[in-house]
Amino acid sequence: MSQNSIQYNDFSCKTCLYNLTFQNNENTLRLFHFSLFFIIRRPLEGKSIHKPKAKQLKMPPSSAAPVSSAKGALNFNLPGINKGSNVVTIDVGGQFFQTTKLTLSLAGPKSLLSQLAESTQIGPRFIDRDPELFSVLLSLLRTGNLPSKAKAFDIEDLIAESKFYNIESLLINSLSNPSQFEAFNLEKSLVLPLNGRDSPSAITTTPFGTLHVSHGSKITSFDWALRKKTTILTHFSAIDSLLGITPNLAAAGATDFSGLQLLDLQKGIVRDTLNWENATKSGSTVQAIGSSPEYLFTSFESSRRNSNSIMVYDLQTFSPVTEIGHYEIYGADLYSAIPTTKLKWVESYGMLMASGSHGGPSGVIGNVRLWDIRSGNVVWELKEEVDCFSDITVSDNLSAVFKVGVNSGEVWYIDLRKLRNESDGSNPWICLGDERKVKNVKKEGFGCKIEEHGNQLFCTKGSDIELWSEVMMGKQTKSEEGLRERVFRKNLMGRVKDDGSSKITNLGFEGNKMFLSRKDQQSVEVWQSSAKGV
């Protein structure tokens, strides 16, 4: 051993990417110089320490590679290190992670992680954040879903961390992923209380995972984690139609109040009011609201109830685009007097379904129309007289229109692939239940709700929910159009009848969750699939 050397206990050397590290379990002192650092061990007792000259410093034999100096710069010639490599090493809170530039780019161009992927920095990128939370978010980038270990963390911590990396939208999409919606595995997981004494009149969700509920003159909004809620007061005495546009913006209307209001749910103010200018220059009340990715649809009826129309607005600017379905009521034409009370966009067909019904001394009548909003023409129309719908919906995935009959209480459907105008007055509906109940005068379907989500159909019957699914049979006959005959099967969800629950009044869906409200209950139930992740 030379005069300027130091004798060490258990001396070792390890290389870590661009760093040379001397390690020991003893007390240490670290000297940093660029990406090169040494760990100097405590010497053996009784030995004097002499500071070695820099030029005489020799690396231990176990060192992976030499370090040379040229013109005052440090040059690294570590084996296996490729400056053009697709692999990125990130130091998060002292813990190293390795991933690819492609994985980081999935975070989006505005994300910090995407910026790290494009960085030309030599050596590990350092982020002073929690490494365990980062591990969860990195798994989200790799697979598109949260790992099961995410359940160990508070959802608010995940939210805060996703906001830091600017990948909150990816986290929201994962939590509300429709692929995790298992209709046969739904369980009531949460009850969301509402302020006041009013029961919910409308439930709406947004693609961002937020939930908006109207009750009385108030609107209560829940964030996508269903942890925080805000309530605002509106000008309405009661809200009949509600549509969530963004987490902080909703369209609301009532059948006894003129105009469609665009409400800022964060500030509690009316951002704008949209009105329909009818021929009588009277007020225009809102009967229904719907939307597509580009447009906002609103069904108006004049305050004098002698005209009605559907207005189409741009969903970004809310400026009027066109008007369809304008009807002035003359004489005894009852069908033109029925305003549209439900609007639903059919994406794959590029059409708008508009339906409405009216009850009178002779029973309930209604109409269903499919509109081409580009031409303003009706593509298909059906007048309802026998067992008119209590509620109606259209499923893009199942390519069918579904209704629950007001008299029979049974579910019926029309295949969109076989759609044609029945000039001979025949009934195009196919009954999925007992067709003999059509002549029922008890109106078993009154108040029933029917909605679709994914590949399933949900129909409320009092406090129960019927779940309808299409079944693929081994051998199936084909119709005249060459299409296979369709078979649907019914199942009951849960055991809600056993606990004496109240009648279901509203249904809503978003991602892997189902929301419902009940009569005289000041709350919203959350039903969720027992799927992987949070």
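The values are calculated or read from the model by the stated rules, or taken from the named source; none is laboratory data. A quick note: this is a predicted structure, and the numbers were derived from the prediction, not measured. Cβ atoms come from the backbone with ideal geometry, glycine included; neighbour counts cover every protein chain shown. All accessible areas refer to the heavy atoms of the entire protein, side chains included, with ligands and DNA or RNA removed. Shrake-Rupley method; radii C 1.70, N 1.55, O 1.52, S 1.80 Å.
Apart from one condition, residue 317 fits all of (1) farther than 19 Å from residue 380 by Cβ; (2) in contact (Cβ under 8 Å) with a residue 12 or more places away in the chain; the exception is (2). Considering the conditions (1) out of contact with any helix residue (DSSP H, G or I) (no Cβ under 7 Å at 6 or more places or on another chain); (2) on the phi < 0 side of the Ramachandran plot; (3) part of a loop (DSSP other than H, G, I, E, B), residue 212 is excluded by exactly one of them, (3).
Please go through segment 481-494 and pick out each residue that is small (Gly, Ala, Ser) and either more than 32 Å from the chain's Cα centre (by Cα) or at pLDDT 90 or above (or both).
482
Count of segment 119-128 residues, restricted to those that are surrounded by 15 or more Cβ atoms within 10 Å (Cβ to Cβ) and farther than 15 Å from residue 87 by Cα, is 1.
Taking the conditions (1) over 24 Å from residue 459 (Cβ atoms); (2) within 27 Å of the chain's Cα centre (by Cα); (3) outside any loop (DSSP other than H, G, I, E, B) in turn, residue 345 satisfies each one other than (1). Restricted to strands (runs of 3 or more DSSP E) entirely inside segment 51-139, those with at least 2 residues that are over 21 Å from residue 150 (Cα atoms) and either modelled with pLDDT of 90 or more or of a type outside the set (D, E, K, R) (or both) are 67-70, 73-76, 87-92.
For segment 129-141, which positions are surrounded by fewer than 19 Cβ atoms within 10 Å (Cβ to Cβ) and over 20 Å from the mean Cα position of the chain (by Cα)?
129, 130, 131, 132, 135
Among the residues of segment 161-182, those that are closer than 12 Å to residue 145 by Cα and of a type outside the set (A, V, I, L, M) comprise 173, 174, 176, 177, 178, 179, 180.
Across segment 311-342, the qualifying residues are those that are part of a loop (DSSP other than H, G, I, E, B) and among the small types (Gly, Ala, Ser), and the one among them that is nearest to the chain's Cα centre (by Cα) is 319. The residue that is surrounded by the fewest Cβ atoms within 10 Å (Cβ to Cβ), counting only those in segment 151-161 that are hydrophobic (A, V, I, L, M, F, W, C) and closer than 25 Å to residue 115 by Cα, is 160.
Scanning segment 309-322 for residues that are in contact with a Phe, Trp or Tyr (Cβ under 8 Å, 6 or more places away or on another chain) and open to solvent by 10 Å² or more (accessible area, probe 1.4 Å) yields 311, 314, 315, 319, 320, 321. Within the span defined as segment 186-201, every residue fails to be open to solvent by 50 Å² or more (accessible area, probe 1.4 Å), of a type in the set (Asp, Glu), assigned to a helix (DSSP H, G or I) and out of contact with any Lys or Arg (no Cβ under 7 Å at 6 or more places or on another chain). Within segment 282-302, can one find any residue that is among the hydrophobic types (A, V, I, L, M, F, W, C) and in contact with a Lys or Arg (Cβ under 8 Å, 6 or more places away or on another chain)? Within segment 282-302, one or more residues are among the hydrophobic types (A, V, I, L, M, F, W, C) and in contact with a Lys or Arg (Cβ under 8 Å, 6 or more places away or on another chain).
Report yes if some residue within segment 162-173 is surrounded by fewer than 20 Cβ atoms within 10 Å (Cβ to Cβ), modelled with pLDDT of 90 or more and in a helix (DSSP H, G or I); otherwise report no. Looking through segment 162-173, at least one residue is surrounded by fewer than 20 Cβ atoms within 10 Å (Cβ to Cβ), modelled with pLDDT of 90 or more and in a helix (DSSP H, G or I).
Taking the residues in segment 336-356 that are in contact with a strand residue (DSSP E or B) (Cβ under 9 Å, 6 or more places away or on another chain), open to solvent by 30 Å² or more (accessible area, probe 1.4 Å) and more than 15 Å from residue 309 (Cα to Cα) as candidates, determine which candidate is modelled with the lowest pLDDT. Once the filter is applied, the top-ranked residue is 349.
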